[in-house]
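Trainee: Questions regarding the structure given below will be posed in turn.
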Amino acid sequence: MTGFFQRMRDARNRRQTAHELQSLDHSALKDMGIGRSEIFSVVYGSPSDRKRSYSAPRS
């Protein structure tokens, strides 16, 4: 039964993370290297699934 509760907790945490990311403005998402269209893949996908790479901004 503990596996069930862990999966439920993980699902709740993912939903909350997606909601919080969706509430951020474009510039905050850009600072994190996330496009608005990528929120669900970032939250629910595997990190290796992301094809996009980001380079550090030049100063």
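No lab work stands behind these numbers, since they all come straight from the coordinates. Computed from a predicted structure; not experimentally measured. Neighbour counts are summed over all protein chains in view; Cβ atoms, including those assigned to glycine, are modelled from backbone coordinates with ideal geometry.
Trainee: Bin width 5 Å, origin at 0, all Cα-Cα pairs of segment 2-45: what percent of pairs per bin?
Mentor: Cα pair-distance distribution for segment 2-45, in percent: 5, 24, 27, 18, 12, 8, 5, 2.
Trainee: Along the positive direction of the dipole of segment 2-45 (beta-carbon charges: Lys, Arg +1; Asp, Glu -1; about the Cα centre), which of His19, Phe5, Ile34 reaches farthest?
Mentor: Value: Phe5.
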